[in-house]
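The values are calculated or read from the model by the stated rules, or taken from the named source; none is laboratory data. Remember, it's a predicted structure, so these values are computed and weren't measured experimentally. Note that each Cβ is placed from the backbone with ideal geometry, even for glycine, and that neighbours are counted across all protein chains shown. Heads up: the accessible areas ignore ligands, DNA and RNA and are worked out on the full protein's heavy atoms, side chains in. Shrake-Rupley method; radii C 1.70, N 1.55, O 1.52, S 1.80 Å.
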Amino acid sequence: MSNEPEHTQTNAPELTAVSVLMNLSLDKTFDYLIPPRLQGQIVPGMKVNVLFGNSRKPRQAHVVKLIPAPERDDLKEILSICDEQPVIPDSLSRLGTWIADYYCCTKEQALRALLPAAVRSGKVKSRKERAYYLASPEEAANYLEKLGKRSPARAAAIQTLLLHPGASPELLGALTGITSAQLGALVKSGVLTMAEHNVDRDPFRNATILQTTPLPLTGDQGAALDRIRQMLDHRSEHDPHVLLLHGVTCSGKTEVYLQAIAHVLEQGGDAIVLVPEISLTPQTVTRFRGRFGEQVSVLHSGLTDGERHDEWMKVHRGTVRIAVGARSALFAPFRNLKLIIVDEEHDSSYKQSEAPRYHARDVAVVRGQMEHALVILGSATPSLETWHNAETGKYALASMPKRWDPDIVLPNVEIVDMRLEIKEDQRMPTFSKMLIDAVHSRLTRGEQCILFLNKRGYSRQLECTACGYIPSCSECSMTYTYHKHSESMICHLCGAAVRAFTVCPQCGGTELKYKGFGTEKIEILSQKLFPSARIARMDSDTMTKPGLYEKVLSSFRRGDLDILIGTQMIAKGLDFPNVTLVGVINADMGLFSPDFRAHERTFQLLAQVAGRAGRGVVPGQVIVQTVVPDNPAILCAKHHSCEDFFAEEMPIRKELALPPFAHFSILHFEGDDMLEIQTHAQELLDRIQNHFPQLEISPLAPAPYERIKGKYRYMAALRIARPKASFRKYLREEAMAWRKNVKRVEFYVDVDALSML
Ligand code: ADP
Ligand code: ZN
């Protein structure tokens, strides 16, 4: 929906006004006149100060485009241009428009994704540093003579500046004891001059990063790089601009990325590298800094506001050529973008869970197309969507089916059927005999183990043995998870925590049993089973402070730890040559969720976790505990075979008309009153169905988590083979109208939804 007036451009009228977006979710542009003193200085993407509504306080607005002055006499003028302009390149503004249209969100929400908050707010300023200089040596000499013995600090400062022109007040203070007031007085009397310049805050100030040089490539790596170079240098209009780099774990994909970037730099281009959850993969950043040093900027949520502001400004000013980061780094404001790499393209953290609910991989493909840049999607376990695109020739494909070093074989994956481990008391043990023996043998050989379980806490829930009461969160449809260390019960949906019960509030019973288990219990059990082992646990309960994560990882790398226990936090990207055993405590955790991607996710997770074993010369072993040993996701992970898995899964998706064979989106409705949600939602669904009879809309139903933080949640799924622009436009107009008209029920569309909850 556009509120912008139509402008005819026949006589090329003078562009003396602008359309702006306010930083309010109005999905509407407003027009302002450019006063004569600002003519010629305003370009799209700029931020300006304007008066809005009846307020007398200037507000910032974002210039969308220049227009001829509309024929109205009540138009206000732009007051001024904001200082420190973060101008968004035109190409990125266009990408923002695409995001708003495709992901069914407001233009302001899309704009928010393009600019980090630290830059958008205008509150973070560049850090200034003062530098002092002598006005002239003669002046200084005269002054020193006049000063005599009166102020040793001043005399010393002047002498220091003779040797170190441009010294900072801190340095001068430390060397000579001079105060900033005294320095100010010297400037006033004309002996010194002072200049201010910007200094960047440096997130790497404490890091020592060793410089690396390109490695000689293996045959597979060389072939992949040749293909990439060919696509960079000689791609025609009709050739695909996306390449899937399908390489098993440890095939050396990163080295291929590095050499592809080197090629782009030689050609004068810029490159973006996306990695999932970058704070969890510090090694990746180190590898890019190690090869390209100061040319790399890092953009992710672990930075302070100041650092993020400065990293963004470095890209903006063109002082760096490469941006490495999570999702948001995709919007690095490069002007000569030649390459975008999306590592682990299948990773679901690329999808943003709040508006704009964009998928960074898919937007990368669009940005690549808009700016004629090559896009490399890398993964050991590609998503079905990407695989399908490669199979149908929409994307090019390069495969690296072997590890880079033929001596480093893929680990041996063994499946333990936990049903056969059930003991006389009918209980299933947490550790199978095979896993216990395997850990023991690693400990005696001085090798390391990783134990993986994708559930934090001690036990999944508490249950009263007398009446069967299970405590759950009062605000969410979720049972509490019991955490032993803090003796508390925590809701993993909203974070609410209460003291753990010792007495059942329903029947007064005192026999409470713990059901299911989480990483905390695995840690306590491991300490009992392997008393001599040095053990650490990594999950969001233990990794509460910044820096802890890296601390544990480096002690694991140094060999100060024998067993690392963790959630998916440890599944990704970690490279430890001495880890020869990975135990998957419960492979079935995700298999039974109400999600058509459950099998795909389980397969990917198992393959990723298994990839952590045997990255050195000693062959690795992976032990997978499950109660469904014949599940295709588990069997294919055993054989390291993506192709087998795709062969199993693709026909099912096709049969059910699910992605990659159709587009799948979810309409979400949330509110305080169930009946109100149902009425409004059903009306909308009927309207949509009437407009588009061929559309498959599932019946309105409560979401799997029916309540979160006290709000009721309903949803309906949409499937459509090939959504036309008219359909998107219609849906977006409905969403915008809803924002205006329905106040007590929230409605949003999760386009290409990944989460079914
Ligand atoms: P992947 O991303 O495919 O899992 P990586 O790129 O992380 O694999 O590579 C794993 C390890 O192998 C890294 O330590 C890397 O330095 C090393 N490596 C990769 N390619 C080569 C090569 N051609 N020669 C020597 N070492 C290599
Ligand atoms: Zn809750």
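Quick notes on this one:
- Ranked packing of 415-422, 614-621, most packed first, by mean Cβ within 10 Å: 614-621, 415-422
- Net dipole in debye of the chain [+1 Lys, Arg Cβ; -1 Asp, Glu Cβ; about Cα centre; nearest 20]: 1800
- Simple label model, 7 Å out from Cα along Cβ direction - S80 to S554, nm: 4.5
- Taking the C-alpha atoms only, the angle from helix 519-529 to the longest principal axis of the chain is near 60 degrees.
- For the chain, the longest principal axis of the C-alpha atoms and the axis of helix 548-558 are separated by about 70°.
- Charge tally around G96: other residues with Cβ under 13 Å, Lys/Arg +1 each, Asp/Glu -1 each, net +2.
- Average Cα contact separation per residue, the chain, under 8 Å, 6 or more apart, as relative contact order %: 11
- Surface per residue (accessible, 1.4 Å probe) for the chain, Å²: 46
- Split the accessible area of region 219-400 by element, probe 1.4 Å, and carbon with sulfur accounts for 45%.
- Straight-line reach from K314: taking Cα to Cα under 16 Å and skipping same-chain neighbours fewer than 8 places apart, the lysines in range are K125, K128.
- Residue (of A390, L95, A725) at the positive-pole extreme of the chain, dipole from beta-carbon charges: L95
- No disulfide-compatible partner, judged by a Cβ distance under 4.7 Å, exists for the following cysteines of the chain: C82, C104, C105, C250, C449, C494, C636, C642.
- For K515, the aspartates and glutamates whose Cα comes closer than 13 Å to its Cα, not counting residues fewer than 8 places off in the same chain, are E463.
- Reach of K394 by Cα under 21 Å, taken over lysines that are not fewer than 8 positions away in the same chain: K338, K654, K724
- Cross-link check: pairs K76/K123; K455/K484; K253/K572; K484/K513; K433/K513; K47/K107 evaluated at a Cα-Cα cut-off of 18 Å; pairs beyond the cut-off: K76/K123; K433/K513.
- The relative contact order of region 128-198 comes to 53 percent, based on Cα pairs under 8 Å that sit 6 or more residues apart.
- 0 to 90° range, to nearest 10: angle between helix 219-233 axis and the chain longest Cα axis: 40
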